[in-house]
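The values are calculated or read from the model by the stated rules, or taken from the named source; none is laboratory data. The structure presented is a predicted model; accordingly, all values stated were derived computationally and were not measured. Quick reminder, even Gly has a Cβ in these numbers, built from the backbone with ideal geometry, and neighbours come from all protein chains shown. Surface areas here come from the heavy atoms of the whole protein model, side chains and all, with no ligands, DNA or RNA. Shrake-Rupley method; radii C 1.70, N 1.55, O 1.52, S 1.80 Å.
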Amino acid sequence: MNRLVHFSCRHIFAGSLALGLIVPCAGAHADDVTLYTFSGGDDGANPPCGLISGGKGALPGKGLFYGVTELGGADGYGTVFAVQGGGFETVIHSFTGGSDGGYPHACLIADAEGNLYGTTERGGAYGRGVVFELTPAGTETVLYSFAGGSDGAYPVASLVIDASGNIYGTTEAGGASGLGVVFEIASGGGESVLHSFGGRDGAVPLAGLVLDAGGNLYGTTEEGGEFESGTVFELAPGGSETVLHSFAGQSDGAFPYAGLIMDKAGNLYGTTSSGGVNNVGTVFKLAGKNKETVLHAFGGSDGARPVSAVMEKAGYLYGTTKLGGANDEGAVYKTPVKPGSDTVLYSFTGGSDGGLPQGGVLDLGGNLFSATSAGGNPGCTGGGCGVVFEITP
């Protein structure tokens, strides 16, 4: 049973290390609040992605958020956790690194019944990763274990579900050429490969997919393409793939690590982790095949190396950068959907407020929520165990 206990900020490290429980406290500035600091123990460590919201079991007036940690948990292979907006954390599942999976890297998705779906990079029957389902009660079912051959290997991206319950995703390796695949897991069970990347058409997809009303899938590959600097691709329901843009590795960006979002007009928006005029990443818009516009090129002080997708609201795109900002520990930013300068909403210090965010932001009531992969408790290697944070307007 999980006990919910409050600690004051001066007990943040000693208390959390001992019990792996709740650590709500203020961050470095008035507009940043650390909702939870991971201890690196049973509660998890180093969340590599952002959060999704839910409502079941939430306290009145507070959100309920779900996420994953790549490390920590009872066996050290990562967790699925829930955090209340008020700062309570509960571990829903601790991965063993065996048949149930290990080292989850991707964000979760949820269906209408509150079931959670995700991937782990390792573990499973063959050690090449799994797709899993987790019920609200915490019961995990492995929907598919990758064998590492033509079926794909090492899924590190989030999933998408269609109206019929079919699940779509990517693996960073495996397939006919060993460069990754797009796969489908049918609602009735069984995996099929929709596309195997060969290099020129893209290679090493690290991000999840976007599904439009016509059943077309859109995504990015970090490598491959005409200039070997990554692609944006479209996959038709029949399996035909079209490269919509090959990044040249220069002013248009390079090596897109994150996925895409789509607006009502069908325009795609995303980020690249490199390239741009300062070679530290871009935010881009794709209005059709080979119709790419760089909306913002990062310069360092305003952020650098974005590895997460953006969120659109009221004519602005919001996101995080893993590096850059005032302290080179990452930043939360917003930039207009038309080319222009971005606004740094918060620069992480790498201390109790967190550092090195790798996930996108979630908007709830005008406040932004996400997690950082480092900072917080310094007991973990690599700069801290990570935090869940909220940024107020």
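Some observations on this one:
- Scan region 133-142 for residues that are open to solvent by 10 Å² or more (accessible area, probe 1.4 Å) and part of a strand (DSSP E or B) and the total you get is 4.
- Elements of type strands (runs of 3 or more DSSP E) in region 143-217, at least 1 residues being open to solvent by less than 30 Å² (accessible area, probe 1.4 Å) and more than 23 Å from VAL243 (Cα to Cα): 181-185
- Per the conditions (1) assigned to a loop (DSSP other than H, G, I, E, B); (2) of a type in the set (S, T, N, Q); (3) open to solvent by less than 20 Å² (accessible area, probe 1.4 Å), the sole criterion not satisfied by SER251 is (3).
- Members of region 218-233 that are open to solvent by 20 Å² or more (accessible area, probe 1.4 Å), within 12 Å of PHE255 (Cβ to Cβ) and not in a strand (DSSP E or B): GLU222, PHE227, GLU228
- Number of residues in region 348-368 that are crowded, with 24+ Cβ neighbours inside 10 Å and not in a loop (DSSP other than H, G, I, E, B) equals 2.
- Among the residues of region 121-132, at least one is open to solvent by 30 Å² or more (accessible area, probe 1.4 Å) and among the acidic types (Asp, Glu).
- Every residue from region 115-153 that is farther than 15 Å from GLY67 by Cα and hydrophobic (A, V, I, L, M, F, W, C): ALA125, VAL130, VAL131, ALA137, VAL142, LEU143, PHE146, ALA147, ALA153
- Region 24-79: number of residues that are modelled with pLDDT of 90 or more and either open to solvent by less than 40 Å² (accessible area, probe 1.4 Å) or aromatic (Phe, Trp, Tyr) (or both): 29
- Qualifying residue in region 378-385 (condition: modelled with pLDDT of 95 or more, hydroxyl-bearing (Ser, Thr, Tyr), open to solvent by 50 Å² or more (accessible area, probe 1.4 Å) and part of a loop (DSSP other than H, G, I, E, B)): no
- Check on ASP342, surrounded by fewer than 24 Cβ atoms within 10 Å (Cβ to Cβ) and touching a residue at least 40 places away in the same chain (Cβ under 8 Å): yes
- Restricting attention to region 294-339 and to residues that are assigned to a loop (DSSP other than H, G, I, E, B) and of a type in the set (Asp, Glu), the residue that is least open to solvent (accessible area, probe 1.4 Å) turns out to be ASP302.
- Complete set of residues in region 84-103 that are under 20 Å from the mean Cα position of the chain (by Cα), open to solvent by 10 Å² or more (accessible area, probe 1.4 Å) and free of Cβ contacts under 8 Å to residues at least 60 places away in the same chain: GLN84, ILE92, HIS93, SER94, TYR103
- Residue check for VAL142: over 18 Å from PHE233 (Cα atoms), among the β-branched types (Val, Ile, Thr) and at pLDDT 95 or above: yes
- Against the numbered list (1) in a strand (DSSP E or B); (2) under 30 Å from GLY178 (Cα atoms); (3) open to solvent by less than 20 Å² (accessible area, probe 1.4 Å), ALA106 comes up short only at (1).
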